[in-house]
Amino acid sequence: MRKPTFSMGGVHPHDNKISRECAIQPLPLAPVVYISVAQHIGAPSVPCVAVGDKVKVGQVIAEPGGFVSAYIHSSVSGTVKSIGPRPDLAGRPSTHIEIAVEGDEWLEGIDTTDTLITTLPEDNKATVEKIKLGGVVGLGGATFPTHVKLSPPPGSKCERVIINGCECEPYLTSDFRTLLEKGEQVVVGAAILRKVMGDVPCTIAIEENKPEAIAHIKEVIAKLGYEGIEVMSMKMRYPQGGEKQLIDAVMHRQVGSGALPISVGAVVQNVATALAVYDAVQKNKPIVDNSVTVTGECFPKQANLLVRVGTPLRYIVDYLGGVPENAAKIISGGPMMGRAVANLDAATVKGTGALLFLTEEQTRRAPESNCIRCGKCADACPMGLEPFLLVRLSRAKDVEALEANAAQDCIECGCCLYSCPAHIQLLDSIRIGKGSVLGAIRARAAAAKAAAEAAKK
Amino acid sequence: MSTLIVSPSPHIHSKDSTKSLMRDVVIALVPAIICSVIFYGWQELLVLGVSVASCVLLEWAITKYMLKQPSTVGDLSAVITGILLALNLPYTTPWWMVFIGAVVAIGVAKMTFGGIGQNIWNPALVGRVFLLVSFPTYMTSWSQPQGLFGVDAVSGPTPLGTIQEGLMQGSTVQELTASFNYKDLLFANLGGSAGEVCALALLAGFVYLCVRRVIKPWITLSIFATVALTSLIFWGIDPARFTDPLFNLLTGGLILGACFMATDYVTSPMSLWGGVIFGVGIGFLTMMIRYFGSYPEGVSFAILIMNSVVPLLNMWFKQKKFGRK
Amino acid sequence: MTSTIIWTIAVVTVLGLVLALVLYLVAQKFKVEEDPRIDEVEKVMPGANCGGCGFAGCRAFAEAAVKAPNLDKNYCPVGGNDTMAKVAAILGYEVKAKAPMVAVVRCNGTCEARPRVNDYDGYASCVVKSTLYTGDTGCAFGCLGCGDCVNACQFGALSMDPVTGLPVVDEEKCTACGSCVKACPKFIIELRPKGPRGMREFVSCVNKDKGPVAKKACANACIGCGICAKTCTHEAIVVENNVAYIDPAKCKLCRECEAMCPTNAIHGVNFPKPLDKEAVKARIKERQLKAKEAANA
């Protein structure tokens, strides 16, 4: 039987899950952490502590700065040293709260035991509020505040919750380890999510290269006896974990251009997010740590670490023996969509899922040559776009034509650049084109709104 | 580690490169090369050598001295043009004529447009057609294959040429095809340009390219289907005037053209349906030229004509976009 | 033979005449009534269609200029005052002469002055690079060195200096159309008045970081120390957001600030003599001493 997968495009990079046998271990506390107030999509949070304040683990240190925003909690106990700009991993200054670590004292009310609580809370509204207070954001990479996703706009109805355990990016294993080691918690988290969305069915999607995880989760579901949760074994293919692609694969429904998953009745949450939901709802424990895969062929000490939010990257790397000599690039995230680290002094954020070390040979781009019109980029595009055309239009700054050719639909998965035999840096240019199209769309919407208001008057 | 590399995602690349794809095409052509050398002998090797060497040298010289750009010879595309040009010529072609073909193929059809990826027409075919219209006598009179170690060279026309001439003299197709044996066509026992001689060797290369996912089979298959269907209809109407489908599939460089020339990345459409229309066009035009044209053989012209409409096909036939109607 | 030639000539001639007539009639029928002055104005324009004036091209400029009640909003930076005088003559307008401008690169973070901490490996475009991170050096404000400005320039007036890694403006070719200003994602390039005989003084840095941070990232950075502003006797220099700016309208080209700048971030160009820093410093010191004495007295 053919395993389910998305309907168009995609590539098959070697999965390189070399750290799959490494159990998740807690990283010793760093002497000082830097917690960014912009760890999520949406408005940055507003610090609510002052320099000199004593804080405990799990204490709120920044409050949401808007509807689409999130609470931020202290990941350590200690004293607030400073609040001010500090370069993030791209070198851009953004506001960080610096906390000097003193001991490891947790806020009262947080259940730090390992006891599994399987009884689901009755009141859905209270559950969503708890998720919001726990600062839960999508940990699959986009860091979209989860409570916003769980409050669908009026008129839309959720029909299925999908728990994304694809981990289709090569190298990454933190979700896999989470499924293996915290399978019970993830399943309870999934049960909470499906209950909140109105007792809809729930699918936990896992790619076939993780058979242990698939078997384990099936066992756990049977043991805990939850109704309406199933495990789906997916074909291995990148970008299966893309939200639109996963919905296509599981539900055979395609989310339209510019639309949200809820428009086709789907809510997708990552495995790590499901775990965070469990922690927030059942244990009152906000997001203070997350599991980070540290890997790469040139990195001698593979590891999956439980890292407190705000830990400097350099501290993690030094703990594992420092940056190897032949490492040329460090990536925060996977090799397909992760971001290159320009500044190793930056600190982790909630969404940091991996630190990947690549050698010059693995990552250095070959020089661009002429397009040979092989069409491999178009074959690889999971959104059915024509990257070869978009790159030309983008470099010619033809915004109108870019929009007509759906540049705004690009999900920046990198399949086009990955597969281009002429090594044309397709995505680099398409991203710029997409940005200008989205800008034009926004400008148009603003103009239309202004015109409508003017007409009212 | 002194400085960290920073680049936009993705950070890894597949092993494909222009060179690796072209290398696969060269490998796919090896059986046909071996076949033609075995059947035609050392003279064919000379044609191949001159053709490949002049194509590569010309491209190198043009990029270096005229365009003053980094050389693109390394991508092996000139080698392919050279091989295809040679396989399209009779093994008796004098070396200087092969050289002229190469000048037209690389100099006019490829580099004038800006080199690899920019040309509108398949360079090897442009070279071949240029020679065909400039030196028709050389190009249409083939010698019977004499074998690698054979001595008896018998001069004579190709199967299609025989039919065309025979029909003009009032013979019927049945009388004329009686002298051909399909097994001979399949195993390369008849006169023709080098690449026309061994269908099996060419098909093996085609299968290799499909298996390696270098090309997709739709264009080739639609050419075969169209040629078969068109000739089936005409043959059904009047078997005395029109040749049968199998004969048409196996003769006149159709297999070489359909497998290696029509599927050239640069000069073929990118989408599936664009490719199918492209193939149907080539198949139909080939049959029209064969049945009603003055040249016995129409694959080259058909491909070149369809090459010209590729930009239109690329514009009209786009793949479906995700989540859009 | 002869008749063939005669017939050929006759047929071609008649054909030509008939077609000429048809073309003439068609041209008459579809003639668009246009202000003839648009054509005249367009003729005196430089014809570069660079868009530096804010219109789509020279024709669009001419159309706008003819319709406009005066020439206040229509100025061709490429043609400059000469062209505008001609345009004004055609249209019968007054035109205010403007000081000729030139593009100035306000970054002197050469490869030598700015230690590299990263190595960019992507599409060679400053826009792409700037969306990704702050650049290969510790300076988050300086030139990214991918040459978007060079590509934007239609007059070939910009080029990248391979030694410094910074763009260089060819003053002869620069028309001050402003394409480079728009192309630079770091807002480094500024259009400034060319100055008398090309002499001008400017701060070649836009780093808004605090002094020590800026200094660590680049030896040539403006550290916002304010010495220049204190030295200036013409109130031409303002220090805002840790970076100094010289107002060209007020600058008297005395070069005192240039002599006093501790990081050599202030540049003076096209001066006939090289700056004798020590002499200027001594002069300033003397003046300040006198002022002090006067104040004491």
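The values are calculated or read from the model by the stated rules, or taken from the named source; none is laboratory data. For clarity, every value in this text was computed on a predicted model and none was experimentally measured. Virtual Cβ from ideal backbone geometry, glycine too; neighbours counted across all protein chains shown.
A Cβ distance below 8 Å, combined with a sequence gap of six or more or placement on separate chains, defines the contacts here; from segment A:24-35, residues that are farther than 20 Å from A:Ser174 by Cβ reach residues that are surrounded by fewer than 17 Cβ atoms within 10 Å (Cβ to Cβ) and among the small types (Gly, Ala, Ser) in the pairs A:Pro31/A:Ala100; A:Val32/A:Ala100. If you check C:Thr2, C:Thr13, C:Thr83 for being hydroxyl-bearing (Ser, Thr, Tyr) and surrounded by 11 or more Cβ atoms within 10 Å (Cβ to Cβ), only one passes: C:Thr83.
With respect to the conditions (1) within 14 Å of chain C (Cβ to nearest Cβ); (2) touching a Ser or Thr at 6+ places or on another chain (Cβ under 7 Å), A:Ala100 falls short on a single one, namely (1). Just so you know, in segment A:367-381 the residues that are in a loop (DSSP other than H, G, I, E, B) and within 7 Å of chain B (Cβ to nearest Cβ) include one that is nearest to the chain's Cα centre (by Cα), and it is A:Gly375.
Checking B:Ile237, B:Ile277, B:Ile233 one by one, the residue that is surrounded by 19 or more Cβ atoms within 10 Å (Cβ to Cβ) and either at negative phi or of a type in the set (Lys, Arg) (or both) is B:Ile277 and no other. Is segment A:306-316 home to any residue that is out of contact with any Pro (no Cβ under 6 Å at 6 or more places or on another chain), within 14 Å of another protein chain (Cβ to nearest Cβ), buried (at least 22 other Cβ atoms within 10 Å of the Cβ) and within 22 Å of A:Arg365 (Cβ to Cβ)? The answer is no; no qualifying residue exists. Please determine whether any residue of segment A:180-191 is crowded, with 24+ Cβ neighbours inside 10 Å, in contact with a Cys (Cβ under 6 Å, 6 or more places away or on another chain) and within 15 Å of A:Thr273 (Cα to Cα). Taking every residue of segment A:180-191 in turn, at least one turns out to be crowded, with 24+ Cβ neighbours inside 10 Å, in contact with a Cys (Cβ under 6 Å, 6 or more places away or on another chain) and within 15 Å of A:Thr273 (Cα to Cα).
If you go through segment C:248-276, how many residues are aliphatic (A, V, I, L, M) and assigned to a strand (DSSP E or B)?
The total comes to 2.
Being without any contact (Cβ under 8 Å) to a residue 24 or more places away in the chain and in contact with a Pro (Cβ under 8 Å, 6 or more places away or on another chain) holds for only one residue in A:Pro93, A:Pro87, and it is A:Pro93. The selection criterion, being more than 13 Å from B:Ser222 (Cβ to Cβ) and within 14 Å of chain A (Cβ to nearest Cβ), does not hold for B:Val299. Within segment A:410-435, being in contact (Cβ under 8 Å) with a residue 40 or more places away in the chain, over 17 Å from B:Ser17 (Cβ atoms) and surrounded by fewer than 22 Cβ atoms within 10 Å (Cβ to Cβ) holds for A:Ile411, A:Glu412.
Selection of segment C:215-247 for residues being part of a loop (DSSP other than H, G, I, E, B) and crowded, with 18+ Cβ neighbours inside 10 Å yields C:Cys218, C:Asn220, C:Ala221, C:Cys222, C:Ile223, C:Gly224, C:Cys225, C:Cys232, C:Ala236, C:Asn242. Applying the condition of being of a type in the set (S, T, N, Q) and in contact with a helix residue (DSSP H, G or I) (Cβ under 8 Å, 6 or more places away or on another chain) to segment C:37-91 and asking which residue is modelled with the highest pLDDT yields C:Thr83.
What about C:Leu132, is it within 30 Å of A:Tyr418 (Cβ to Cβ), in contact with a strand residue (DSSP E or B) (Cβ under 8 Å, 6 or more places away or on another chain) and either at pLDDT 95 or above or among the hydrophobic types (A, V, I, L, M, F, W, C) (or both)? For C:Leu132, the condition - within 30 Å of A:Tyr418 (Cβ to Cβ), in contact with a strand residue (DSSP E or B) (Cβ under 8 Å, 6 or more places away or on another chain) and either at pLDDT 95 or above or among the hydrophobic types (A, V, I, L, M, F, W, C) (or both) - is met.
Out of the residues in segment A:68-116 that are in a strand (DSSP E or B) and under 14 Å from A:Lys285 (Cβ atoms), which is nearest to the chain's Cα centre (by Cα)?
A:His73
Residues in segment A:14-30 that are touching a strand residue (DSSP E or B) at 6+ places or on another chain (Cβ under 6 Å) and farther than 18 Å from A:Val292 by Cβ: 0 in all. Screening B:Leu45 against (1) away from chain A (no Cβ under 14 Å); (2) touching a residue at least 12 places away in the same chain (Cβ under 8 Å) leaves a single unmet condition, (2). Within segment A:112-133, residues that are under 14 Å from A:Ala190 (Cα atoms) have Cβ atoms under 7 Å from residues that are surrounded by 11 or more Cβ atoms within 10 Å (Cβ to Cβ) and among the hydroxyl-bearing types (Ser, Thr, Tyr) in these pairs: A:Pro121/A:Thr127; A:Val128/A:Ser151; A:Ile131/A:Thr146, counting only partners at least 6 apart in sequence or on another chain.
C:Gly54 meets each of the listed conditions (1) touching an Asp or Glu at 6+ places or on another chain (Cβ under 9 Å); (2) assigned to a loop (DSSP other than H, G, I, E, B) apart from (1). In summary, A:Gly242 fulfils each of the numbered conditions (1) under 23 Å from A:Gln185 (Cβ atoms); (2) within 14 Å of another protein chain (Cβ to nearest Cβ) with the single exception of condition (1).
One residue stands out among those in segment C:222-248 that are under 22 Å from the mean Cα position of the chain (by Cα) and in contact (Cβ under 8 Å) with a residue 12 or more places away in the chain: the one that is nearest to C:Cys107 (Cα to Cα), which is C:Cys222. Being touching a residue at least 12 places away in the same chain (Cβ under 8 Å), crowded, with 24+ Cβ neighbours inside 10 Å, of a type outside the set (Asp, Glu) and within 14 Å of chain B (Cβ to nearest Cβ) is a property that A:Ala346 has. A count restricted to segment A:208-267 and to residues that are of a type in the set (Gly, Ala, Ser) and buried (at least 22 other Cβ atoms within 10 Å of the Cβ) stands at 5.
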